[in-house]
Amino acid sequence: MKVLISGINYSPELTGIGKYTGEMAEWLSEQGHEVRVVAAPPYYPEWKVRDGYSALRYRHEEMNGIDVWRCPVFVPSHPTGFKRIVHLLSIAVSSLPVMLCQAFWRPDVVVAIEPPLFCAPGAWLTARFSGAKCWLHVQDFEVDAAFALRILNIPTARRLVLSIESWLLRRFDRVSSISVSMVDRLHQKGVARERCFLFRNWADIEKVIYDAAAADDFRRQQVIPVDTFVALYSGNMGEKQGLELVLEAAERLQHENILFVLCGDGAARERLLQRACNMENVRFLDLQPNHLLAGMLSAVNVHLVIQKAGAADLVMPSKLSNILAVGGVSIVTAEENSELGRLFSEYPYMGLLCPPGNVDELVECVKYFQLSHRVPCHPKVRSYAEQHIGKTMILSRCEREMLSIQSRATGYK
């Protein structure tokens, strides 16, 4: 196939949507398909365009055999609701002419990655002009999340925006998302069941695996004593997470032998750093390169998967995949009736569920794991990862679906 991918985030971003889009594109290319990508220059999660790239100029580059077109984008240093809209609109506008030019390449499948939904019309038009099938993959329900978390606080516009979103979703030949509840939400928004597709985020279970030696190296490099209990949050530090909760728990536990590590970057990092400046049991780390990831994840006693109330069925934390791959146990803030809540109820060995925003419960969960002396790697958790979220398994299923809809378009059997 010829596969054209449109979005905002792409490699070499180490986390979030860009990581998954990059791995998907490279995997499809390795299977012999021709892949092209239209995206912004890398900026996430730092909200700063990487050195060597420009936010103002178009650029074409080849990355691991894939043609990538970088398009200008507005990247606010302090993203607010309005600035985020301008940010997402900017890539939709700048990428449109590049996408339309790709119609002459005659792709077989055009894949749009949401967020941003603003890029969906350009992907759909390109597919229509080239005769390709169009696929929208929803990583986050950005519209619902923006209203639920009050990033957008315009109640009168809600119905109109959701109606436009529903109309766009129904235009695509396939619409996928990363959890069962998010696929159900697609159907609730008007997408026919036969057009919905479950496309989970994955873990590279051959590379991300518990590594005791690497864990020891990580602790030595970070000067963390062997007997110190470590609770790790790793990922984006944004508004959806509500990471102030972790700092509140750390304040309550400052006299215990517990170290809270927050690894990553994002819009809320500076605010969190200022609040934690005098807290000796809190440490901030930059995002770790891929070759150090397994060591860091293996070195901690419990992982923190923190989200605000109402976000659990609108976004699915991508960090959970790698946690499961190393056999890590987690404390997850999510409602019991959410997908995460049901997952941890069905597989209680994965960790504990904590009500979002409840610092008392979070403190009790951390103390429970500290006293229970859990080993860093739980074999049942690793087994779940191998059975359900292996990279090759998930991407092979996606490839088969792409081939299926492309075959129906061409009449091939």
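The values are calculated or read from the model by the stated rules, or taken from the named source; none is laboratory data. What you see is a predicted model, and the numbers here were worked out from it, not measured in a lab. Don't worry about glycine lacking a Cβ; one is built from the backbone with ideal geometry, like all the others, and counts go over all protein chains shown.
Does any residue of the stretch 18-33 turn out to be within 20 Å of VAL143 (Cα to Cα) and under 21 Å from the mean Cα position of the chain (by Cα)? Steps first, please.
Filtering the stretch 18-33 down to residues within 20 Å of VAL143 (Cα to Cα) leaves 18.
So of that shortlist, the ones also under 21 Å from the mean Cα position of the chain (by Cα) come out as 18.
Scanning the stretch 18-33 turns up at least one residue that is within 20 Å of VAL143 (Cα to Cα) and under 21 Å from the mean Cα position of the chain (by Cα).
State all residues of the stretch 160-178 that are of a type in the set (Gly, Ala, Ser) and either out of contact with any helix residue (DSSP H, G or I) (no Cβ under 8 Å at 6 or more places or on another chain) or in a helix (DSSP H, G or I) (or both); if no residue qualifies, say none. Write out each step before concluding.
Restricting attention to the stretch 160-178, the residues satisfying the condition of being of a type in the set (Gly, Ala, Ser) are 163, 166, 176-177.
If the condition is that a residue be of a type in the set (Gly, Ala, Ser) and either out of contact with any helix residue (DSSP H, G or I) (no Cβ under 8 Å at 6 or more places or on another chain) or in a helix (DSSP H, G or I) (or both), then SER163, SER166 are the ones that fit.
Residue pairs, Cβ under 6 Å, 6 or more apart or interchain, first in the stretch 25-44 and over 22 Å from ILE91 (Cα atoms), second surrounded by 22 or more Cβ atoms within 10 Å (Cβ to Cβ) and of a type in the set (A, V, I, L, M, F, W, C). List them.
Taking only residues 6 or more apart or on different chains, the pairs are LEU28/VAL3; LEU28/VAL35; SER29/VAL35; HIS33/VAL3.
Hey, among ALA213, ALA267, ALA250, which residue is assigned to a loop (DSSP other than H, G, I, E, B) and either assigned by TED's automatic domain parsing to the domain that holds ARG382 or surrounded by fewer than 20 Cβ atoms within 10 Å (Cβ to Cβ) (or both)?
Details: ALA213 fails: assigned to a loop (DSSP other than H, G, I, E, B); ALA250 fails: assigned to a loop (DSSP other than H, G, I, E, B).
Every option except ALA267 fails the conditions.
Consider GLN139 against the criteria (1) polar (S, T, N, Q); (2) touching a Phe, Trp or Tyr at 6+ places or on another chain (Cβ under 9 Å); (3) surrounded by fewer than 22 Cβ atoms within 10 Å (Cβ to Cβ): it satisfies all of them except one. Which criterion is unmet?
(3)
Output the residue which, of all residues in the stretch 160-180 that are buried (at least 20 other Cβ atoms within 10 Å of the Cβ) and farther than 16 Å from ASP144 by Cα, is farthest from the chain's Cα centre (by Cα).
Top of the filtered list is PHE172.
Exactly one of (1) surrounded by 19 or more Cβ atoms within 10 Å (Cβ to Cβ); (2) in the same structural domain as VAL381 (by TED's automatic domain parsing); (3) of a type in the set (A, V, I, L, M, F, W, C) is unmet by VAL183. Its number?
The number of the failed condition is (2).
Out of all the residues in the stretch 350-385, which are closer than 19 Å to ILE306 by Cα, free of Cβ contacts under 8 Å to residues at least 24 places away in the same chain and in a helix (DSSP H, G or I)?
The answer is ASP360, GLU361, GLU364, TYR368.
Please work out which one of (1) in the same structural domain as VAL326 (by TED's automatic domain parsing); (2) within 30 Å of THR392 (Cα to Cα); (3) assigned to a loop (DSSP other than H, G, I, E, B) is the condition LYS207 fails and give its number.
Going through (1) in the same structural domain as VAL326 (by TED's automatic domain parsing); (2) within 30 Å of THR392 (Cα to Cα); (3) assigned to a loop (DSSP other than H, G, I, E, B) one by one, LYS207 breaks only (1).
In the list PRO72, PRO79, which residue meets the criterion of being more than 20 Å from PHE172 (Cα to Cα), at pLDDT below 95 and of a type outside the set (Gly, Ala, Ser)?
On the way: PRO72 fails: at pLDDT below 95.
Residue meeting the stated conditions: PRO79.
Yes or no: ALA112 within 23 Å of SER318 (Cβ to Cβ), among the hydrophobic types (A, V, I, L, M, F, W, C), assigned to a helix (DSSP H, G or I) and in contact (Cβ under 8 Å) with a residue 60 or more places away in the chain? Before you say what the answer is, go through the steps one by one.
Working: within 23 Å of SER318 (Cβ to Cβ): yes; among the hydrophobic types (A, V, I, L, M, F, W, C): yes; assigned to a helix (DSSP H, G or I): no; in contact (Cβ under 8 Å) with a residue 60 or more places away in the chain: yes.
It is false that ALA112 is within 23 Å of SER318 (Cβ to Cβ), among the hydrophobic types (A, V, I, L, M, F, W, C), assigned to a helix (DSSP H, G or I) and in contact (Cβ under 8 Å) with a residue 60 or more places away in the chain.
Does at least one position in the stretch 317-327 carry a residue that is of a type in the set (A, V, I, L, M, F, W, C) and at pLDDT below 90?
Looking through the stretch 317-327, none of the residues is of a type in the set (A, V, I, L, M, F, W, C) and at pLDDT below 90.
Look through TRP27, TRP47, TRP69 and report the one residue that is of a type in the set (Phe, Trp, Tyr), touching a Leu at 6+ places or on another chain (Cβ under 7 Å) and assigned by TED's automatic domain parsing to the domain that holds CYS134. Steps first, answer last, please.
Values: TRP47 fails: touching a Leu at 6+ places or on another chain (Cβ under 7 Å); TRP69 fails: touching a Leu at 6+ places or on another chain (Cβ under 7 Å).
Only one candidate passes the filter, namely TRP27.
Given the conditions (1) surrounded by fewer than 20 Cβ atoms within 10 Å (Cβ to Cβ); (2) touching a residue at least 40 places away in the same chain (Cβ under 8 Å); (3) over 21 Å from the mean Cα position of the chain (by Cα), and given that PRO79 satisfies all but one, which numbered condition is not satisfied?
Single failed check for PRO79: (3).
Need the failing condition index for GLY190 against (1) within 22 Å of THR21 (Cβ to Cβ); (2) in a loop (DSSP other than H, G, I, E, B), just the number.
(1)
Does ARG36 satisfy being of a type in the set (D, E, K, R), within 24 Å of GLY235 (Cβ to Cβ) and outside any loop (DSSP other than H, G, I, E, B)? If you could, list the steps in order and put the result at the bottom.
On the way: of a type in the set (D, E, K, R): yes; within 24 Å of GLY235 (Cβ to Cβ): no; outside any loop (DSSP other than H, G, I, E, B): yes.
Considered against the rule, which asks whether it is of a type in the set (D, E, K, R), within 24 Å of GLY235 (Cβ to Cβ) and outside any loop (DSSP other than H, G, I, E, B), ARG36 comes out as no.
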